[in-house]
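Asks: Dropping a structure here in structure tokens format, bear with me for questions.
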Amino acid sequence: MEYILDERGLTLVDIAPDGDCLYNAVANQLSRVKGYEQVTGKDMRRRAAKYIRENKEAFIPFLTNESDDPLDEFEFEKYCAGIENESKDGGVWGGEPELNALSQSLERSIELIQPTGPPVIFGEDYKNTKPLIIVYHRHAYQLGAHYNSTTVKTIV
């Protein structure tokens, strides 16, 4: 991963592996954008949940329960409430649906760099703004999947 970031003039910004890492990584990126300096991971959780609720028809085909059946109304609302709550309060981890919701609601692309394969771009249509660049580690911590942020490498 270090080589991939180095090739792009980026360095890793460690985000706590606390179950809120996706939201905190996006908030870290967004905090460098004028008008978003005070944004938090909790803000990102609320934004993602709001967007998914408002665009339910676009998301529901991709959301399933433990039996792999589509979510019913109760399960959908429980899922959205889980997005809103921080991990310490029973919140759920984020993934592709939440990254898509954040990209769409922010009207900004989010680039997800992975150790293998090409980056995944959410919100490819938003080419007029600089993308938010985060990193996905499938097995970085005991918890499993983890997201970190990036920053431009400082030349010393």
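Asks: So which residues in the range 127-156 are farther than 15 Å from Asp14 by Cα and modelled with pLDDT of 95 or more?
Replies: Pro131, Leu132
Results for (1) of a type in the set (Gly, Ala, Ser); (2) farther than 20 Å from Arg138 by Cβ, shown as yes or no for each residue.
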| site | (1), (2) |
| --- | --- |
| Glu2 | no, no |
| Thr40 | no, yes |
| Arg45 | no, yes |
| Ala48 | yes, yes |
| Tyr51 | no, yes |
| Asn55 | no, yes |
| Leu63 | no, yes |
| Leu71 | no, yes |
| Gly82 | yes, yes |
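Asks: Separate question: If you scan the range 109-140, which residues turn out to be closer than 15 Å to Tyr23 by Cα and touching a residue at least 60 places away in the same chain (Cβ under 8 Å)?
Replies: Residues satisfying the conditions are Ile110, Leu132, Ile133, Ile134, Val135, His137.
Asks: Identify all residues within the range 72-123 that are under 19 Å from Tyr51 (Cβ atoms), surrounded by fewer than 17 Cβ atoms within 10 Å (Cβ to Cβ) and among the β-branched types (Val, Ile, Thr); write none if there are none.
Replies: If the condition is that a residue be under 19 Å from Tyr51 (Cβ atoms), surrounded by fewer than 17 Cβ atoms within 10 Å (Cβ to Cβ) and among the β-branched types (Val, Ile, Thr), then Val120, Ile121 are the ones that fit.
Yes or no, residue by residue, for (1) surrounded by 14 or more Cβ atoms within 10 Å (Cβ to Cβ); (2) closer than 17 Å to Lys153 by Cα; (3) touching a Ser or Thr at 6+ places or on another chain (Cβ under 9 Å); (4) not aliphatic (A, V, I, L, M):
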position	(1), (2), (3), (4)
Leu5	yes, yes, yes, no
Gly9	no, yes, no, yes
Asp14	no, yes, yes, yes
Leu22	yes, no, no, no
Gln29	yes, yes, yes, yes
Lys34	no, no, no, yes
Val39	yes, no, yes, no
Tyr51	yes, no, yes, yes
Ile60	yes, no, no, no
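Asks: Check the range 34-44 and report whether any residue there is farther than 20 Å from Asp14 by Cβ and of a type in the set (Ser, Thr, Tyr).
Replies: Taking every residue of the range 34-44 in turn, at least one turns out to be farther than 20 Å from Asp14 by Cβ and of a type in the set (Ser, Thr, Tyr).
Asks: Six or more apart or on different chains, Cβ under 7 Å: which pairs go from a residue in the range 141-153 that's closer than 15 Å to Met1 by Cα to one that's modelled with pLDDT under 90? Could you list them?
Replies: Listed pairs, sorted by first residue: Ala145/Arg138; His146/Ala140.
The values are calculated or read from the model by the stated rules, or taken from the named source; none is laboratory data. The model shown is predicted, which means the values in this text are computed figures rather than measured ones. Every residue, glycine as well, gets a Cβ built from its backbone with ideal geometry; the counts of neighbours run over all protein chains shown.
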